[in-house]
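A short worksheet on the structure shown next.
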Amino acid sequence: MTATRRLSWNYALDRAVEWALELGVPLVIFEPLRAGYRWASDRHHQSIIDGMADSAHRLAHSSVTYYPYVESQPGDGRGLLSSLSQRAGCVITDQSPVFFQSRLLEAGKRAVNCRLEAVDSVGLLPLAAPGRTFSAAYHFRRYLQKELPDHLGSMPDSGPLSTKPLKGLEGLPEALVDRWPMARFEENAQGRSVLVGLDAIPIDRSVSAVASIGGETEARKRFCAFVDGGLSRYVDDRNHPDLSGTSGLSSALHYGHISVHEVFHSLTEAEGWTQSRITPPNDGRRQGWWSMSNSTEAFIDQLVTWRELGHGYCHYEEDYQSYESLPPWALETLEHHSTDRRPWLYSHEEFEAAATHDEIWNAAQRQLVEEGTLHNYLRMLWGKKILEWSAHPREALDTMIELNNRYALDGRDPNSWSGIMWVMGRFDRGWPERPVFGKVRSMTSDSTRRKVKLTDYLSRWGEQVKLL
Ligand SMILES: Cc1cc2nc3c(=O)[nH]c(=O)nc-3n(C[C@H](O)[C@H](O)[C@H](O)COP(=O)(O)OP(=O)(O)OC[C@H]3O[C@@H](n4cnc5c(N)ncnc54)[C@H](O)[C@@H]3O)c2cc1C
């Protein structure tokens, strides 16, 4: 498990169970965590470790062997997969379209001598289905309305390990676990599981762990709380930072601790929904096609349309991170306006330290640094202002990528590039031309202040909060 880090609603796990039963062999779930990935920090590590401790706890008395492994030094894990798979009947891994997972898959192919399968549990629509990318959410929504119903009939197993008679393994080879010891966890004073030896791993210590706990159990709790609480008001509350009207699931989705399939299934159960309620035409409209409540439809539009639009893009476009990957109209207009006088000009360091003249922007940056989250509406403004106040759009892109992926719990995700590139025109259309932005959509703090409720937000994240 490298992307879909959960024990349920996971096609890769279903496939592994299927093979274990077919071959009559034990199932070993191997969950590694490297030390040398970009933006590795206490924050990202702890979220994944939370999930590992959760899985270890849940599998403690199971016939399945769970092998969590955390590299002590970059490169320490080299050779592990090859040794571990020496006696394996086959190896199943999970597919993810972004970051280092695709490189891991290539390395996996070289390391493993037996059959290796990569299984996609990323979204409701299989990544391979469309065979192409989409330039806007509207086009993708139209496509989904035509094609998605065919993929809703089967869902991953909600409890693949609880019902199947899996054979147990007496133990992993001693030489293997001597060389690559299984991760061990202990409780800290706050009752949170921490990795024994975490302090010695050379990762970014300045980005500290946050209160929000990772792992499948916590993710499910968060989702249930949202269904019982904010979901019914989502359509009205989601844009207001004061109202905490969104699910807060993005980091759980990012780490693979919760599945879109599970979320979608629960929503349809709660609505008593069946496919017979779908209301044609398949014209890409945002409301009314599902025939669910307005709030559930609005939520599914983010969870499925927007999320899978970006995941698909990263799957098909290797170059998804580069400035040059922007749509030609956006590149042209940004370049044309790149020499416009900026109303304010800040360096990466000034942005990072929340040292701009703008109260709302600084508050958003403080929340990002301190809490590892950023409300979606303010995140759009945050990005638009980095674009406006940087010397060149390229520099703005670098700043957004660095700050988002370093500090956001949900960073380093296909959605990260969707959001950041949306700021610069991807998945959007041209707007009336303005200085600096050109035809790329602009946003202002003044209109944000007028449109959204953020009094409490500003008193929480205002100037009094000192960064790091
Ligand atoms: C500059 C910028 C950077 C962003 N970086 C990230 C990032 O690193 N990781 C990330 O997950 N999202 C990112 N987003 C998208 C969005 O801000 C977050 O997904 C959302 O705020 C997460 O909060 P939530 O889980 O409460 O969302 P909810 O409103 O509850 O939505 C449910 C889920 O739908 C998906 N979703 C919601 N909005 C979007 C969107 N605009 N695009 C794609 N998927 C969406 C997410 O998976 C989210 O968890 C970024 C947006 C911008 C403008």
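Given 0.36 nm per residue, what is the gain on full extension from Ser208 to Glu371 after removing their alpha carbon distance, in nm?
57.7 nm
Working from Cα positions, state the angle (0 to 90°, nearest 10) between the long axis of helix 137-147 and the longest principal axis of the chain.
40 degrees
On a 0 to 90° scale, report how tilted helix 307-316 is relative to the longest principal axis of the chain, with both axes built from alpha carbons and the result rounded to the nearest 10.
70 degrees
Sort out for me the Cα centre separation of segment 76-125 from segment 280-302, rounded to whole Å.
A separation of 36 Å, based on Cα centres.
7 Å from Cα along Cα→Cβ at both Ser63 and Glu187: what's the point-to-point distance in nm?
In this crude label model, Ser63 to Glu187 measures out at 3.1 nm.
Which value, in debye to the nearest 20, describes the size of the charge dipole of the chain about its Cα centre when Lys and Arg Cβ atoms bear +1, Asp and Glu Cβ atoms bear -1, and nothing else is charged?
Magnitude of the dipole: close to 560 debye.
From the Cα gyration tensor of segment 249-316, with a ≥ b ≥ c the square roots of its eigenvalues, which class applies: rounded if a/c is under 1.5, or else prolate if a/b is larger than b/c, or else oblate? Before the final figure, lay out the partial values.
On the way: a/c = 2.31, a/b = 1.36, b/c = 1.70.
In terms of gyration-tensor shape, oblate.
Once ligands and nucleic acids are excluded and a 1.4 Å probe is used, how much of Tyr11 is accessible, expressed in Å² to the nearest 10?
My reading of the accessible area for Tyr11 is about 60 Å².
Treating the angle as unsigned and between 0 and 90°, give the value, to the nearest 10°, between the Cα long axis of helix 359-371 and the longest Cα principal axis of the chain.
For 359-371 against the chain, the angle is about 10 degrees.
Round to the nearest 0.05 the FRET efficiency obtained for Thr444 and Glu170 when R0 = 60 Å and r is the Cβ-Cβ distance.
Once the sixth-power term is evaluated, E becomes 0.40.
Using a probe of 1.4 angstrom, how much of the accessible area of segment 249-316 is carbon and sulfur, in percent?
50 percent
Rank these residues by their accessible area, most exposed first, probe 1.4 Å: Trp382, Trp290.
Solvent-accessible surface, decreasing: Trp290, Trp382.
Projected onto the charge dipole of the chain (+1 at Lys/Arg Cβ, -1 at Asp/Glu Cβ, origin at the Cα centre), which of Asn404, Val28, Ser55 gives the Cα projection farthest towards the positive end?
Asn404
Under 1.5 on a/c is rounded, so check that first for segment 306-358, then, if it is not, pick prolate when a/b is larger than b/c and oblate when it is not; a ≥ b ≥ c are the square roots of the alpha carbon gyration tensor eigenvalues.
Oblate, since a/c reaches 1.5 and b/c is not below a/b.
About the Cα centre of segment 1-157, how large is the charge dipole given +1 on each Lys and Arg Cβ and -1 on each Asp and Glu Cβ? Please answer in debye to the nearest 20.
Computed charge dipole of segment 1-157: roughly 480 debye.
Roughly how many whole Å is it from the C-alpha centroid of segment 427-456 to that of segment 353-397?
The distance from the Cα centre of segment 427-456 to that of segment 353-397 comes to 13 Å.
Give me log10 I(q)/I(0) at q = 0.11, 0.13 Å⁻¹ for the chain, Debye formula, one equal scatterer per alpha-carbon, no solvent.
Normalising to I(0) and taking log10 leaves -0.95, -1.32.
Can you find, among Gly79, Gly89, Ile278, the residue farthest towards the positive end of the dipole of the chain? Put +1 on the C-beta of Lys and Arg, -1 on that of Asp and Glu.
Final value for the positive-end residue is Ile278.
Can you flag which of Lys109/Lys221; Lys384/Lys451; Lys146/Lys451; Lys384/Lys453; Lys221/Lys384 are past 27 Å Cα-Cα? Walk me through the numbers on the way to the answer.
Working: Lys109/Lys221 36 Å; Lys384/Lys451 16 Å; Lys146/Lys451 35 Å; Lys384/Lys453 19 Å; Lys221/Lys384 33 Å.
Check vs 27 Å cut-off fails for Lys109/Lys221; Lys146/Lys451; Lys221/Lys384.
Could you tell me how far the Cα centroid of segment 39-73 sits from the Cα centroid of segment 199-214, in Å?
First find each Cα centre; the distance between them is then 14 Å.
State to the nearest 20 debye the size of the charge dipole of segment 208-302 about its Cα centre, where the only charges are +1 on K and R beta carbons and -1 on D and E beta carbons.
For this selection, approximately 60 debye.
The values are calculated or read from the model by the stated rules, or taken from the named source; none is laboratory data. The model shown is predicted, which means the values in this text are computed figures rather than measured ones. Virtual Cβ from ideal backbone geometry, glycine too; neighbours counted across all protein chains shown. For the accessible areas, the whole protein counts, side chains as well, though only heavy atoms, and no ligand, DNA or RNA atoms are used. Shrake-Rupley method; radii C 1.70, N 1.55, O 1.52, S 1.80 Å.
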